[in-house]
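What follows is a set of notes on a single structure, which appears directly below.
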Amino acid sequence: MSSSSSVSKESVLKALSQIQDPDLGKDIVSLGFVKNLVLDGGKVSFTIELTTPACPVKESFKEQANSLVSTIEGVESVSVEMTSSVAAANPFDNQNAVPGVKNIIAVSSGKGGVGKSTVAVNLACALHQLGAMVGILDADVYGPNVPLMMGLQGNPKMVEKKIIPLSVRGIQVMSMGFLVAEDQPVIWRGPMLHSAMRQFLHDVLWGDLDYLIVDLPPGTGDAQLSLAQQTHLMGAVIVTTPQAVSVLDVRKAIGMFQQVSVPVLGIVENMAGLIVRGEYEGNLSKLVADGPEGKVEAQLSDGKFELHLDLFGTGGGDRIAKAYDLPILGRIPLDPALRAGGDKGSPVTLDHPDSPVAKSFIEVAQALAAKVSTANLSAT
Ligand code: ADP
């Protein structure tokens, strides 16, 4: 008997069942992730279908699968294909569901100027970079900045009474800014806001989206309520800065989502520290700066220094996370490139994907996608 004939599907599945999904708390075989298992003598091929392309442990799963199956006696080669299929937060037959849109996620903040729109845009770009189908609904009626930040101009077209969202670099975008002239201040009364929100969700042909990121106005007003009433929101992400005052506003924002039964998926701490990089000449053994909370020593190596300053103090997000038992999805540093990119319609996460700030958005996107997968799986 040749050794290759002893390879069985059972032995492959047994080996693969040693791979645990850290977020879902089960092994990948029990979770039904292993598909298309084919044995051809000593050649083994299969697919691992994840619940999101933004899975933080995608590479590690692939490596583990390869090495575990390779050690089975008789296996000559292993071919693993990684795919994904994002679960929907609620069935499409629900009358409030937006057709084709699997997960609607609101990005909110307790107050303006904390970088909510910047986070919403770069988070959407990061999910897109990771392979997801993404849309942005700019519902910040008081300052619809998404078109500017994404470098988008123009007017969406209507087809058979439906609005076609604009598409930029593979991301679908719909914004109040497309409909309102820049120099015309609009006073949004409750009912008007309600019907605009309804139109943006239900009269727009969004197409197939894994994640629709909604940039809400800051605070706890009508827009939040309208959105929560008119569709099934998968969850909300709250953006804050580390200052104590911002932290207070966040408490209100969390309370409001809790009142309308929308789960808060986590917190993004923005402007969490400033990274200053530079070069020096000659011999330098130490570089110390006066930080807001004491002396801060720079890291020195090969004529280059890097200084991390906590401009607004530390731990604001941690305090909130602890008090409300919410995870911190990530921290985004203050980076002038992020502001410049926003102003010229060139999101850093798309245009400088290797920069530290882009990487921090990728981490936030992965943490968020993992949260969404876990919540959707436990709801079924
Ligand atoms: P909000 O939506 O909360 O009002 P914005 O996203 O419009 O805030 O951000 C306000 C300003 O701060 C913008 O000019 C933006 O480019 C800038 N900004 C936001 N986050 C950062 C950051 N992490 N680093 C540098 N600039 C930032």
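The values are calculated or read from the model by the stated rules, or taken from the named source; none is laboratory data. Values in this document were obtained by computation on a predicted structure and should not be read as measured data. With ideal geometry, Cβ positions are generated from the backbone for all residues, glycine too; neighbour counts draw on all protein chains shown. Areas reflect the complete protein model, heavy atoms only, side chains present, ligands, DNA and RNA absent. Shrake-Rupley method; radii C 1.70, N 1.55, O 1.52, S 1.80 Å.
At a 1.4 Å probe, what is the % contribution of carbon and sulfur to the accessible area of the chain? Provide the component values of the computation, followed by the final result.
Numbers: 8970 of 18000 Å².
The C+S portion of the solvent-accessible surface of the chain is 50 percent.
Between Tyr142 and Ser195, what is the FRET efficiency for a Förster distance of 25 Å, r being their Cβ-Cβ separation, to the nearest 0.05? Each step should come with its number before you reach the end.
Values: r = 17 Å, r/R0 = 0.68.
Calculated transfer efficiency: 0.90.
Under the rule of at least 5 residues apart or a separate chain, name every residue whose amide H is placed under 5 Å from the amide H of Ala88.
none
Among the lysines, which fall within straight-line cross-link reach of Lys304, defined as a Cα-Cα distance under 17 Å, with same-chain neighbours fewer than 8 residues apart omitted?
Partners within reach: Lys286.
Determine, from the Cβ-Cβ distance of Lys344 and Val38 and an R0 of 35 Å, the FRET efficiency 1/(1 + (r/R0)^6), rounded to the nearest 0.05.
Numbers: r = 49 Å, r/R0 = 1.41.
With a Förster radius of 35 Å, E is 0.10.
Run through region 25-95 and list the trypsin sites (Lys or Arg not before Pro) located in a DSSP loop whose Cβ has at most 16 other Cβ atoms within 10 Å.
Details: sites: Lys26, Lys35, Lys43, Lys58, Lys62; in loops: none.
When the trypsin sites (Lys or Arg not before Pro) of region 25-95 are filtered for loop state and at most 16 Cβ neighbours within 10 Å, nothing remains.
Quick check on the chain: what are the equivalent-ellipsoid semi-axes from the Cα gyration tensor, as sqrt(5λ), descending, whole Å? Walk me through the intermediate numbers first.
On the way: eigenvalues 286, 190, 75 Å².
Equivalent ellipsoid semi-axes, largest first: 38, 31, 19 Å.
Calculate the all-directions average of the projected area of region 250-305's alpha-carbon convex hull, and give it in nm². Each step should come with its number before you reach the end.
Numbers: hull surface 23.7 nm².
Answer in nm², one decimal: 5.9.
In nm, give the distance between the simple-model label positions of Glu281 and Asp208, each being 7 Å from the Cα along the Cα-to-Cβ direction.
Once both label points are built, they end up 5.9 nm from each other.
How many nm is it between the label spots at Asn96 and Ser45, if each spot is 7 Å from the Cα in line with the beta carbon?
4.5 nm
Give a quick list of GluC sites (Glu not before Pro) in region 1-109 that DSSP marks as loop, anything other than H, G, I, E or B, with at most 10 other Cβ atoms within 10 Å. Walk me through the numbers on the way to the answer.
On the way: sites: Glu10, Glu49, Glu59, Glu63, Glu73, Glu76, Glu81; in loops: Glu73, Glu76.
Counting only loop positions with at most 10 other Cβ atoms within 10 Å, the GluC sites (Glu not before Pro) in region 1-109 are Glu73.
Which FRET efficiency, nearest 0.05, do Glu363 and Ser17 yield, Cβ-Cβ r, R0 22 Å?
On the way: r = 28 Å, r/R0 = 1.29.
Here the calculated transfer efficiency is 0.20.
Tell me the label-point distance for the pair Glu81, Leu377, using the 7 Å Cα-to-Cβ offset, in nm and rounded to one decimal.
Taking the simple label geometry, Glu81 and Leu377 are separated by 2.2 nm.
Place a +1 charge on the Cβ of each Lys and Arg in region 4-84 and a -1 charge on the Cβ of each Asp and Glu, then give the dipole magnitude about the Cα centre in debye, rounded to the nearest 20.
Details: 7 positive and 11 negative charges, 22 e Å.
Value, rounded to 20: 100 debye.
Using the heavy atoms of the protein chains alone and a 1.4 angstrom probe, what is the accessible area of the chain per residue in square angstrom? Don't skip to the answer; put the middle values down first.
Details: 18000 Å² over 380 residues.
Using a 1.4 Å probe on heavy atoms only, each residue of the chain averages 47 Å².
Filter the trypsin sites (Lys or Arg not before Pro) in region 146-178 to those in DSSP coil with at most 12 other Cβ atoms within 10 Å of their Cβ, and list the result. Please report the intermediate quantities before stating the final value.
Details: sites: Lys157, Lys161, Lys162, Arg169; in loops: Lys157, Lys161, Arg169.
In loop regions of region 146-178 (DSSP not H, G, I, E or B), the sparsely surrounded trypsin sites (Lys or Arg not before Pro) are Lys157, Lys161.
If contacts are Cα pairs under 8 angstrom and at least 6 residues apart, what is the relative contact order of region 4-84 in percent? It would help to have the intermediate numbers written out before the result.
Details: 123 pairs, mean separation 29.2, N = 81.
Relative contact order comes out at 36 percent.
According to the square roots a ≥ b ≥ c of the eigenvalues of the Cα gyration tensor, what is the shape class of region 4-84, taking rounded for a/c under 1.5, prolate for a/b larger than b/c otherwise, and oblate for the remainder? Display every interim value, and only then the final one.
Working: a/c = 2.07, a/b = 1.84, b/c = 1.13.
In terms of gyration-tensor shape, prolate.
Have a look at Leu350, Val38, Leu152 and report the one farthest towards the positive end of the charge dipole of the chain, computed about the Cα centre with Cβ charges (Lys/Arg +1, Asp/Glu -1).
Of the options given, the answer is Leu152.
In the chain, if the dipole is taken from +1 on Lys/Arg beta carbons and -1 on Asp/Glu beta carbons about the Cα centre, which of Leu300, Gln18, Ser85 is farthest to the positive end?
Ser85
Between Asp351 and Val180, what length in nm is gained on full extension when 0.36 nm per residue of separation is reduced by their alpha carbon distance?
Details: separation 171, 0.36 × 171 = 61.56 nm, distance 2.83 nm.
This chain segment gains 58.7 nm when fully extended.
Specify whether the C-alpha gyration tensor of region 186-247 places it in the rounded, prolate or oblate class, a ≥ b ≥ c being the square roots of the eigenvalues: rounded for a/c under 1.5, otherwise prolate if a/b is larger than b/c and oblate if not. Provide the component values of the computation, followed by the final result.
Values: a/c = 2.53, a/b = 1.35, b/c = 1.88.
In terms of gyration-tensor shape, oblate.
Nearest 500 deg cm²/dmol is fine: what mean residue ellipticity at 222 nm does the chain get from its DSSP H runs of n ≥ 4 alone, each adding -39,500 (n - 2.57), divided by its residue count? Intermediate results must be reported in sequence, preceding the final value.
On the way: 12 runs with 127 residues, N = 380.
That comes out to -10000 deg cm²/dmol.
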